[in-house]
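Notes follow once the structure below has been shown.
The values are calculated or read from the model by the stated rules, or taken from the named source; none is laboratory data. Keep in mind that this is a model prediction, so the values were computed, not measured. Quick reminder, even Gly has a Cβ in these numbers, built from the backbone with ideal geometry, and neighbours come from all protein chains shown. Quick note on the areas: whole protein, heavy atoms, side chains included, nothing else; ligands and nucleic acids left out. Shrake-Rupley method; radii C 1.70, N 1.55, O 1.52, S 1.80 Å.
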Amino acid sequence: IFTEADSPWIPYFRNEEIQQAVAAGVAKESFPDLSGSRIRSIPYADVVRCPALNPDTHECTIYEARPLDCRLYPFLLMWNDEKDIIYLTIHEACPFTFSQTGGLAEALSSRANILAAEMQTPEMIQSIVSHPGLVMNRLPDTRLEIALYHLTEAVLQKKTDLILFLPQDVEVFREYQSSRSTLSDLSHSSFLPHLIWADLLDYRWTRLAGMFCLFATAHGMTHLALPPFGGTTPARGGVLLDATALAFLRLSRLNPPHIPSRMDNVDEETALLLQREGYVIELASPEYLYQRKAIVELSGNKFRAERALVNQANRLQPKMRPFTSVDTAACMALYDRWAAKKDRGDFDAMMCEDAKFAHQAVMSRWMEHGVIGRVVEVDGVIMGYTFGFPLSLDTFCVLLEMTDCSVKGLSAWLFQAFCRQMCDYTFINTMDDSGLDNLAFSKRQWHPVRMIPSFRVTRS
């Protein structure tokens with residue numbers, strides 16, 4: 001019995017269930033669409049009822065042929081409030097739902113797990129995808145029990161194609177970033193470290209469980225560029241787990257079976273949360289965080305080597321000034337000279353070529369997005385450049401730096417001079433070392449106050 005003719009509680013019949021109901025005595029006219037629909041209710045006193053209900057005995061006349069929608073009760077297939085995850089839901093108003101202690105009745109608790117598995121078999125997924133009317137919108141007096149990620153991914157597959165991440169999407173990124181309950185200390189929690197590689201990686205995004213998910217594809221392989229973030233619900237952990245599960249399902253569909261799905265640039269808190277849920281975490285290259293004041297002053301014995309390098313460069317009277325677009329050609333010529341040298345450390349030819357794209361992108365496209373650039377001149381010739389951006393209210397991030405290797409100490413001079421000008425910030429983040437031993441050694445020489453751990457997450 002229902003209060004309204006269009007009540008969402010009226011059961012849905014799939015096409016084969018309609019045929020069975022008609023064979024059991026329900027009029028064919030009771031179904032608006034014979035390929036699948038909710039049954040048409042009929043008047044009963046001052047309410048309406050299902051045509052299969054015997055009004056005298058209140059028994060179902062097609063009980064043995066009742067549809068899945070009825071067989072599931074008091075469980076239901078229902079969207080969450082954001083309508084991006086399908087749950088096996090329980091109707092709390094059912095008198096048999098809870099035990100005397102207030103918890104879910106033992107028989108129903110066991111039944112929930114069985115139904116959740118059944119709803120995600122390939123056959124059932126295919127049927128529900130063909131009959132999306134089986135999944136209801138969230139209704140009062142219902143409790144979300146078990147998230148059905150595989151079913152959700154199948155139903156939403158055509159609706160959530162990944163969107164190309166373009167410059168105008170930076171505002172979308174920032175909108176989700178501002179809704180975080182806590183901000184990661186990692187530089188890759190910001191959009192700029194990703195967008196400078198946009199010429200080499202195909203960045204795309206979508207919303208999963210109400211969170212922003214950024215995917216990156218290179219050489220036919222796709223990974224999550226950073227953990228899902230954003231969302232307005234206070235239960236960050238649960239939402240993050242939902243979004244991560246959906247994102248890994250998406251990765252498993254995009255990548256070949258032998259390629260393990262992965263998520264990069266994961267902060268420690270998120271990594272530990274995911275590890276408790278069965279994900280595998282692996283420590284990646286850490287990021288280097290420095291006290292800006294210490295870099296500017298270079299006082300004490302531990303900075304003796306850096307002071308000597310800066311003093312050596314000072315003899316050439318280098319001058320630093322803001323970068324302008326006119327400087328691009330001279331800066332890239334400097335990069336080409338550096339890349340042509342055989343003693344460029346761990347960098348191989350491919351890494352040099354890839355990095356060149358990032359340097360060009362910063363100079364040509366991203367200055368309007370908050371990037372701050374400086375060049376250093378010796379005798380009026382550009383001998384170095386550096387770029388960075390505000391990572392947070394107290395931390396400035398250095399994106400990249402390049403100097404002429406033939407000028408002894410110029411790299412140290414430029415780093416100190418750049419830090420001196422960033423006087424509004426307490427800390428300087430120089431990002432990670434990309435696993436390069438020489439770069440790691442150089443960054444450790446400046447005595448970071450913290451090595452910010454970064455993790456790679458995979459699904460076991």
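Mind ranking 1, 42 by accessible surface for me, highest first, 1.4 Å probe?
Greatest to least solvent exposure: 1, 42.
Which Cα, out of 60, 188, 48, lies furthest along the positive dipole direction of the chain (beta carbon charges, K/R +1, D/E -1)?
188
Quick check: residue separation of residue 340 and residue 269 times 0.36 nm, minus the Cα distance between them. What number comes out in nm?
21.4 nm is the gain from fully extending residue 340 to residue 269.
Taking volume of the Cα convex hull per residue in Å³ straight from the coordinates, which label in [x] 180; [y] 139; [z] 161 is the correct one?
Only one listed value fits the structure, namely [x].
Within the set of other residues whose C-beta is less than 14 Å from the C-beta of residue 104, count the net charge using Lys and Arg as +1 and Asp and Glu as -1.
Neighbourhood net charge equals -1.
So with the 1.4 Å probe, I'd like the accessible area per residue for the chain, rounded to whole Å².
Here the per-residue accessible area is 49 Å².
Quick one: pull the percent of accessible area on region 1-65 belonging to carbon and sulfur, 1.4 Å probe, ligands and nucleic acids left out.
51
At 222 nm, what value in deg cm²/dmol follows for the chain if DSSP H runs of at least 4 each add -39500 (n - 2.57) and the sum is divided by all its residues, to the nearest 500?
About -9500 deg cm²/dmol.
Within region 187-288, which GluC sites (Glu not before Pro) sit in a loop by DSSP and count at most 13 neighbouring Cβ atoms inside 10 Å?
277
Assign one of three labels to region 396-460, namely rounded, prolate or oblate, based on the Cα gyration tensor with a ≥ b ≥ c the square roots of its eigenvalues; rounded applies when a/c is under 1.5, prolate when it is not and a/b is larger than b/c, and oblate otherwise.
oblate
In nm, to one decimal, how far is the modelled label at residue 444 from the one at residue 308, with both set 7 Å along Cα→Cβ?
1.9
I need the calculated FRET efficiency for the pair residue 97 and residue 130, taking r as the beta carbon distance and R₀ as 45 Å, to the nearest 0.05.
Here the calculated transfer efficiency is 0.90.
Write down the percent of antiparallel bridges among all DSSP beta bridges whose residues are both part of the chain, to the nearest 5.
95
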